[in-house]
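K.L.:
Once you've had a glance at the structure underneath, I'll fire off some questions.
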Amino acid sequence: MLMTFLSTVITDSVPNVELAFMLVACIVGLATTVTPRKRNKSLETKSIKKISSMINRSLDLKTILSVALEEIIGSLRMDAGFFCLHPSNGTSPVTFSRGFTRKTTAVLEEIRDEDFVSHTLPYISGEISQWGDSTLAETLRQEGMRFFAIYPVLSGNKVLGSLKLASRSANSLSATHEEFISAFCEILGIAIVNTQLREQSSKLSEDLVALQEVNKIISQSFDLEDIIRRIVVEGKRLAKTSQCHLFLLDNAGQNLIGSASTQTENFDIRKVGIKLSEASTPVTALLEKRAIALEDISREEQANSELLGSLGWHAAVFAPLLTKQQAIGVLVCSDDSSERKFTHEEILRAEALAHQAAIALESARLFQVVSRSQKEWETTFDAMQDCVSVHDTSGKVIRANVALARRLNTIPQKIIGRYCSELYSEEGSDHAECRHTLPPESDALIVEEVNLPKMGGAFQLSVSPWYDKNNRLAGSIHVAKDINNEKLLQQQLIQSEKLSAIGELISGIAHELNNPLTGVMGYSQLLQLREDLDSRAKENLHKINNLALRCQKIVQNLLSFARKQKPERTLTDVNDILEKTVELRSYEFQVNNIEIRRDLNRRIPRTIADAHQLQQVFLNILTNAEQAMLESSGKGILTIRTRTDDPESHIIIEIKDDGPGIPESHLNRIFDPFFTTKEVGKGTGLGLSLSYGMIKEHGGNIYVQSRLNEGSTFFVELPIITSLQDEADASREAPEQGLKFEKLVKQKHLLVVDDEKYILDFFVEVFQSFPLFIDTANNGQAALEKMENLQYDLVITDYRMPQMSGKELFNWIKEHRPKLANRIVFVTGDTVSNETRSFFEENHCRFLAKPFKIEEVKEVIQQILEANA
């Protein structure tokens, strides 16, 4: 009845070893009451208390079992005892022997408790003389033992071990002692289970701490190389193996590639590759997503034993690295010892480490992706040429790009914390708050043009909202785009349109001026050829001709300056361009008391340049100097000098005035677009800026030296480029051979077409002394009528005429008199028009620009007749 109660307590209650031993003590006490034989109950009670105390003090299991064996032998007056604790979770069996010889102990160690199929208590008990001739019985008899019993140590129905008792006395144990021993064994079973659970709990706790420590170590870095190195180092330490290796899937998912290893001597894991297409234990572990332990690789690895064996591994645990999506690699904890056996806990530990490693690697990869995306975003953000700043709802800067920092001569970090009113307020503005703060519900884009001198001029400022992940307004993004070049181009366009309009006006005026100038110059030249005039009359005619030439140059310069044309670089004489530019302003210089002093080196070489652009540059500098001297003193001296530098690689032009000079604060800005110190309406601030761009396009340089009250000197440096020199010289040196002019025109028929009668008369006067026939027509239609009746050898026609223009006449000749089309000379006072110049160039037409000299007329006629001889 008591045993039933004890069994119920043991089975149904939380195992309490002390309570169980108290119950055993009760059994012993009752037994001494009902048993007539005398018992040493104090000894038994003392033994139980001693064991109970040891268990409560949580001593180690081996100590408890050893003392328990001694106490039960002493309490029951046995001569010998043997205790065997069966192996658990890969551990070896634990045995304790007291009173037996080594030989008997060895025999007892060979006894398998599993051979006793019954769990009745005891397994066997009784006098040895009745056992027959077994090895155990014979061994016990040799020691003089007469009584032997085996008792199982149970935990429920599970046999944990056995207790074996022997005595040299033949007397068997009483039923009370049998019950005491059985109860004692059950209590030992509880103690064993509790101790094993405590040890397992301690091991699990240690493993948990170790894994936490490993996780902490490998998670300290997001550098993949550093993480994989830490994984193998900690894997070797935690798994307690000789080496640890990490294999990761390649990008194609076709191979396991060695990534890190603690085995470094004469070994490079990165050269080891395992194909997924070939069967092997690492591949199986990866594909089946489970850990596999091999204790003899050479024997157990069937498919790839040669590869794994060549790595020096005898035993190994292959644990897959698993993420939520897939397996990404295999962790291999290898050992080179042939005695290594992996316990279940060690395999679980390797699996746990592989899991932690997979998490760390996946986190590091995600971190790299995020970092790469962030870096790309930051690179893009800082690569933007526009100035960009991100603001919170109060207008405070929380991020700024390099372009904005560069504009403010600082670094982005020093802009953070400043308000938009500090960055984007116009000069002279007293805005204390950001004018671009957006209301919470606003989706509007603010765009305005602002002048920001501290950032370098005019900007188009765009302000747009940005939102957080909850779609709430988080602030604004400011983008400031430099529009100085756009405004410059706009002003250039306006200037170009103005010049185009001026050009059209000048073209018409020039045509009207050139016609009478042609008559003045032509008749003055004809009169000078007369021999009946006295010297005074010839001198006056010479003056008239010179004045007409002066008018011609003025008109030509106006046409050249106003002409709208594509940049065209040819071999150019810089001195000649300077002379023409000064001549263009000569009247203004004279009336404004500006003295021009020239120091031109006539030996400087010609260079390839755009003469029109250089004339614009020189005119801008001369005009600015003139205005500065007039405002300062009402007169001045302007010195123009040309020279070459020492290596003769550049032509240097110096234009010096004796004006008021330029303040030092303005010297660095005079070439900036729209910078001007003049009053509104007196300058756009574009002249020197355009000049700077033109000289830079030529590969040259332009700069200024100036001091207050000491005048200013502008320097223009142009590279000397003469690659077209030979070609130009060859064209100038082309042989002018052929018949004399009189022989060329002899008996030729010449038709002159012009709507101005005095020009027709001029041509008649010129050619009446030559042996040719000359006809005239006052318009194109009259010319057609004459050509219907007569074949002409040469036609000289005005380009612009009423009724039928020279162009229309040319087209008729080209169609009806094709051979005559190459013998036409146009006369025009309009060389500024793009249409006129394009027509001449496309049809390879020769022309005379009004006004012209008699020699020029004869020269062009001779060229045509020689070419068509």
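K.L.:
Quick check: pseudo-label points 7 Å beyond the Cα along Cα→Cβ at ASN409 and GLU742, how many nm apart are they?
P.N.:
Distance between the two pseudo-spin positions: 8.0 nm.
K.L.:
For the pairs LYS543/LYS853; LYS375/LYS454; LYS748/LYS807; LYS814/LYS853, flag any whose C-alpha to C-alpha distance is greater than 21 Å.
P.N.:
Too far apart for the 21 Å limit: LYS375/LYS454; LYS748/LYS807; LYS814/LYS853.
K.L.:
Can you tell me the dipole magnitude for segment 752-869 around its Cα centre, using point charges on the Cβ only (Lys, Arg +1; Asp, Glu -1), in Debye to the nearest 20?
P.N.:
With only Lys, Arg, Asp and Glu charged at Cβ, the dipole is about 200 debye.
K.L.:
Let me ask something else. Between ASN546 and LYS814, how high is the FRET efficiency from 1/(1 + (r/R0)^6) when r is the Cβ-Cβ distance and R₀ = 45 Å? Nearest 0.05.
P.N.:
The formula returns an efficiency of 0.65 here.
K.L.:
What number comes out for accessible area per residue over segment 342-418 if the probe is 1.4 Å? Units Å², please.
P.N.:
On a per-residue basis, 55 Å².
K.L.:
With all protein chains present, how much of the accessible area of segment 800-869 (probe radius 1.4 Å) comes from carbon and sulfur, to the nearest whole percent?
P.N.:
The C+S portion of the solvent-accessible surface of segment 800-869 is 43 percent.
K.L.:
Label LYS538 and ASN592 with points 7 Å out from Cα along Cα→Cβ: what is the distance between them in nm?
P.N.:
With each label point 7 Å from Cα toward Cβ, the separation is 4.2 nm.
K.L.:
Using packing as a proxy for protection, rank 641-652, 73-84, 453-464 so that the peptide with the highest average count of other Cβ atoms within 10 Å comes first.
P.N.:
Final packing ranking: 73-84, 453-464, 641-652.
K.L.:
Provide the FRET efficiency to the nearest 0.05 for the LYS324-ASN157 pair, computing r from the beta carbons and using R0 = 41 Å.
P.N.:
0.50
K.L.:
If R₀ is 35 angstrom, what is the calculated FRET efficiency for the pair GLU765 and THR722, using the beta carbon separation as r and rounding to 0.05?
P.N.:
About 0.20, to the nearest 0.05.
The values are calculated or read from the model by the stated rules, or taken from the named source; none is laboratory data. This is a predicted model, so every value here is computed, not measured. No Cβ is skipped: glycine too gets one built from the backbone with ideal geometry, and neighbour counts run over all protein chains shown. All accessible areas refer to the heavy atoms of the entire protein, side chains included, with ligands and DNA or RNA removed. Shrake-Rupley method; radii C 1.70, N 1.55, O 1.52, S 1.80 Å.
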